[in-house]
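Peer 1: Got a structure here, written out as structure tokens. Questions coming.
The values are calculated or read from the model by the stated rules, or taken from the named source; none is laboratory data. Small disclaimer: the values here were computed from a predicted structure and weren't measured. Every residue, glycine as well, gets a Cβ built from its backbone with ideal geometry; the counts of neighbours run over all protein chains shown. Ligands, DNA and RNA are excluded from the accessible area calculation, which covers all protein heavy atoms including side chains. Shrake-Rupley method; radii C 1.70, N 1.55, O 1.52, S 1.80 Å.
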Amino acid sequence: MKSFYRKIKEVIDHIFFKFFNKLIKKYANNTFSRIWVFVADLLIVVVAYYATRLMYGNLVANNYHVAYYLPILLLIYSVMFLVFSSYKGMLRYSGFGDLRRLLAVAVGALVLLLLFRNIAGRIFPSDVDLYFPQYGTILNNVLMVLVIQSVSRLVARRIYNEYYKRNNITNKQKVLIFGAGSGGVLTYNIIMQDTESQYEIVAFVDDNFKKVNTTIQGIPVYLPSKVFRESFIHRNNIVAMIIAIPSMNETAKAKLAERAMDLGLKVKMIPHVYELVEGNLRTEQIRDIQIEDLLGRDPIVLENEDIAKEIADKVVLVTGAAGSIGSEITRQVMNYHPSKLIVLDDAESPLYDIQFELTNTWKDEKENMVFEVADVRNRKRMQAVFEQYRPQLVFHAAAYKHVPLMEAFPYEAVYVNVFGTKNIADLSMQYGVDKMVMISTDKAVNPTNVMGATKRLAEIYVQSRKSNTQFVTTRFGNVLGSNGSVIPLFRKQLEKGGPLTVTDKRIIRFFMTIPEACNLVLQAATLGKGGEIFVFDMGKPVRIYDLASRMIQLSGKRNIEIKEIGLRPGEKLYEELLANKENTLPTLHKKIFRAEVRPHVMEEVDSEYWKLEEALASMDEFSIVAQMKAIVPEFVSNNSRFSALDVEKQDKTE
């Protein structure tokens, strides 16, 4: 029955298209003359007049009305059309504004007609009914004009949009809308209003049994079990699905998207309910699903009031501020209006880019931002910055982070990640900084590479400090889309046609987005009281091989190979957020936990770091790494030339 209904609808649509296509084609890129619209509206007045008489059963009787009342009726409506410019609207774009003008015309005409009827009744009390209809008839006449005018405009718009504009789109895409609630209807309406849209809605999908087997504006509603079949998809030539439930949690959304992609569908989505502007939806907000949406974890929600208290009206320094994390921190910090933001990095070009962005985004507050080209390794230069600006809050994001490169150049890794951090920490204490928040990584847990070990060394140093400055560490996993991360690499490889390279099919990683990572940093600034390491509930780890597969599906490309190239020096099969001897405690934020770590005595740490500094001065790579292993005994190299040091250490122990 439903297929028969669809066939009938297709035949009707085809007839309408053939009939109206030639009629409208002449005016497709132009508009009807306003005079013709004016004349058409007057004809509607005449038609409505006779329709009203017919309704009262006196179509041919009392022709005095035709001689006296009809000219007055046309004159009054002509004046109203001119006063309210109701004839100037473009019919193809008729909307509420046009209907409002027609309503104003109707009210104005009604008032004048009733006034004429009243005056005529006073002058010719015995003959007034001969020349003018009754009050009720006048009201019905005006309502009839309003209805016919409104319907004619909406029909004209529908004909143009449905039977000309849409039917002349050659590259249509048949799509499903998942969600038959308010979000789905809103999505359908916005698509139908967009005459340039390529989407042709085939069906709504919903798991609510009460909605199944109903229709929404003629479009059927099905259960997912009926729709998510290869036979249904191929039979209806469906190419995409729009997720239109703005309140759906991220886990459910990710599962749904993966289910659709497994059937070869492109997946699009409308924004989360918090992102919709006053409940409205715009066509451009219907976007392709991104790899970030497939993490299957609800985004972290900030306690904005607490963050505002921590940042507002304070002097804030961000090191490494031109990097992926640092630049996002600066953007988010500016939302809380610091009295001054010091944006510091030694990378000149990226610093210029973030300067251009921030000063144009925050034009009214650009005097509160300063940009410093400086290297955290240079103690004197850093001291000059602290001396000049006296920061109250420091976010330390400056670091080398690429595992293979740092494995090749341990001197540089230690110099920046350990002693650069030491400089910032020492100066924070010297200049009375209220709080220093350091950015760390899950690679610092039971490190198997130089980069991870340097970050653990930095953690140990700031944890061991005893001063009025509060030192807080944030530790999180891989950041999607950051410079040098796997996502930009896969995108570049996809652009070249593949293959996508993974080091090992078994590798799993925790992931978060750049905004999530920076949210954690800002939230930690409010939670930390000194000495804590905060970790983030990152959900389930993701297999890199699966990530590559999903990116290929999202790209819409086919026959892209995924190539296994072998583990890189220092690389783990999996990352951890906590060391073996560490446990976690809950915090006020349900997504953030405090790691319980073994304490470190400041004097002992200082002695060991002095030895590391001496090894650094020697520039002997094996001496540097050996001292790192002495400070961080859980640092066991993996697939690295420095594994020999672990063998020596084991031999000495035995």
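Peer 1: Which members of segment 391-421 meet the condition of being open to solvent by 20 Å² or more (accessible area, probe 1.4 Å) and among the aliphatic types (A, V, I, L, M)? Before you say what the answer is, go through the steps one by one.
Peer 2: Step one: filter segment 391-421 for residues open to solvent by 20 Å² or more (accessible area, probe 1.4 Å), giving 392, 397, 399-402, 404-405, 408-409, 411-412, 415.
397, 399, 405, 408, listed by residue number.
Peer 1: Taking segment 305-314 as the search range and keeping residues that are open to solvent by 20 Å² or more (accessible area, probe 1.4 Å) and outside any loop (DSSP other than H, G, I, E, B), which one is modelled with the lowest pLDDT? Break it down stepwise before answering.
Peer 2: The first filter runs over segment 305-314 and keeps only residues open to solvent by 20 Å² or more (accessible area, probe 1.4 Å), leaving 305-306, 308-310, 312-314.
Cutting the leftovers down to outside any loop (DSSP other than H, G, I, E, B) gives us 305-306, 308-310.
Details: 305: 74, 306: 80, 308: 87, 309: 87, 310: 89.
This residue is 305.
Peer 1: Test each condition in (1) more than 32 Å from the chain's Cα centre (by Cα); (2) within 23 Å of residue 520 (Cβ to Cβ) for residue 377 and report the one that comes out false.
Peer 2: (2)
Peer 1: Separate question: Under 6 Å between Cβ atoms, at least 6 apart or on separate chains: pull out the pairs that start in segment 543-561 with a residue that is in contact (Cβ under 8 Å) with a residue 24 or more places away in the chain and closer than 21 Å to residue 503 by Cβ and end on any residue that is charged (D, E, K, R) and open to solvent by 70 Å² or more (accessible area, probe 1.4 Å).
Peer 2: 545/505
Peer 1: Still on this structure: Counting only residues that are assigned to a loop (DSSP other than H, G, I, E, B), open to solvent by 10 Å² or more (accessible area, probe 1.4 Å) and β-branched (Val, Ile, Thr), how many does segment 422-448 have? Working first, answer last.
Peer 2: Filtering segment 422-448 down to residues assigned to a loop (DSSP other than H, G, I, E, B) leaves 431-434, 445-448.
Cutting the leftovers down to open to solvent by 10 Å² or more (accessible area, probe 1.4 Å) gives us 431-432, 434, 446, 448.
Applying the additional criterion that residues be β-branched (Val, Ile, Thr) yields 448.
Residues flagged as assigned to a loop (DSSP other than H, G, I, E, B), open to solvent by 10 Å² or more (accessible area, probe 1.4 Å) and β-branched (Val, Ile, Thr) within segment 422-448 amount to 1.
Peer 1: Do you know which residues across segment 315-357 are within 10 Å of residue 369 (Cα to Cα) and open to solvent by 30 Å² or more (accessible area, probe 1.4 Å)?
Peer 2: 339, 340, 355
Peer 1: Quick check on my filter: what residues within segment 449-471 are over 21 Å from residue 512 (Cβ atoms) and not in a helix (DSSP H, G or I)?
Peer 2: Listed by number, the residues that qualify are 465, 466, 467, 468, 469, 470, 471.
Peer 1: Looking at residue 385, is it assigned to a helix (DSSP H, G or I), buried (at least 18 other Cβ atoms within 10 Å of the Cβ), in contact with a Leu (Cβ under 8 Å, 6 or more places away or on another chain) and at negative phi? Quick ask: steps written out before the conclusion?
Peer 2: On the way: assigned to a helix (DSSP H, G or I): yes; buried (at least 18 other Cβ atoms within 10 Å of the Cβ): yes; in contact with a Leu (Cβ under 8 Å, 6 or more places away or on another chain): yes; at negative phi: yes.
Yes; evaluated as a whole, the condition is true for this residue.
Peer 1: Does segment 223-238 hold any residues that are surrounded by fewer than 19 Cβ atoms within 10 Å (Cβ to Cβ) and either in contact (Cβ under 8 Å) with a residue 40 or more places away in the chain or touching an Asp or Glu at 6+ places or on another chain (Cβ under 8 Å) (or both), and which are they?
Peer 2: The first filter runs over segment 223-238 and keeps only residues surrounded by fewer than 19 Cβ atoms within 10 Å (Cβ to Cβ), leaving 223-226, 229-232, 234-237.
Selection gives 223, 224, 236, 237.
Peer 1: Same structure, new question: Here is a check on your reading of the model: is residue 361 within 23 Å of the chain's Cα centre (by Cα), surrounded by fewer than 14 Cβ atoms within 10 Å (Cβ to Cβ) and among the hydroxyl-bearing types (Ser, Thr, Tyr)?
Peer 2: On the way: within 23 Å of the chain's Cα centre (by Cα): yes; surrounded by fewer than 14 Cβ atoms within 10 Å (Cβ to Cβ): yes; among the hydroxyl-bearing types (Ser, Thr, Tyr): yes.
Judged against the criteria, residue 361 is a match.
Peer 1: Now a separate question. Condition test on residue 96, is it open to solvent by 30 Å² or more (accessible area, probe 1.4 Å) and either acidic (Asp, Glu) or modelled with pLDDT under 75 (or both)? Can you show your working first?
Peer 2: Values: open to solvent by 30 Å² or more (accessible area, probe 1.4 Å): yes; either acidic (Asp, Glu) or modelled with pLDDT under 75 (or both): yes.
Criteria met by residue 96.
Peer 1: How many of the residues making up segment 555-606 are at pLDDT below 70 and either open to solvent by 50 Å² or more (accessible area, probe 1.4 Å) or more than 30 Å from residue 494 (Cα to Cα) (or both)?
Peer 2: The total comes to 7.
Peer 1: Which of the residues spanning segment 369-382 are open to solvent by 50 Å² or more (accessible area, probe 1.4 Å) and either at pLDDT below 95 or assigned to a helix (DSSP H, G or I) (or both)?
Peer 2: 379, 380, 381
Peer 1: Continuing with the same structure: So residue 248 passes all but one of these: (1) open to solvent by less than 60 Å² (accessible area, probe 1.4 Å); (2) outside any helix (DSSP H, G or I); (3) modelled with pLDDT of 85 or more. Which condition number does it fail?
Peer 2: Here residue 248 clears every test but (3).
Peer 1: I would also like to ask the following. Is there any pair linking a residue in segment 589-602 that is basic (Lys, Arg) to one that is open to solvent by less than 80 Å² (accessible area, probe 1.4 Å), with Cβ under 7 Å and at least six apart or on different chains, and which?
Peer 2: 591/300; 591/536; 591/537; 594/532; 594/534; 594/584; 594/585; 594/587
Peer 1: Another one. Of all residues in segment 607-643, which are assigned to a helix (DSSP H, G or I), open to solvent by 40 Å² or more (accessible area, probe 1.4 Å) and touching a residue at least 40 places away in the same chain (Cβ under 8 Å)?
Peer 2: 613, 621
Peer 1: Mind checking which residues of segment 161-182 are open to solvent by less than 30 Å² (accessible area, probe 1.4 Å) and modelled with pLDDT of 85 or more?
Peer 2: 175, 176, 177, 178, 179, 180, 181
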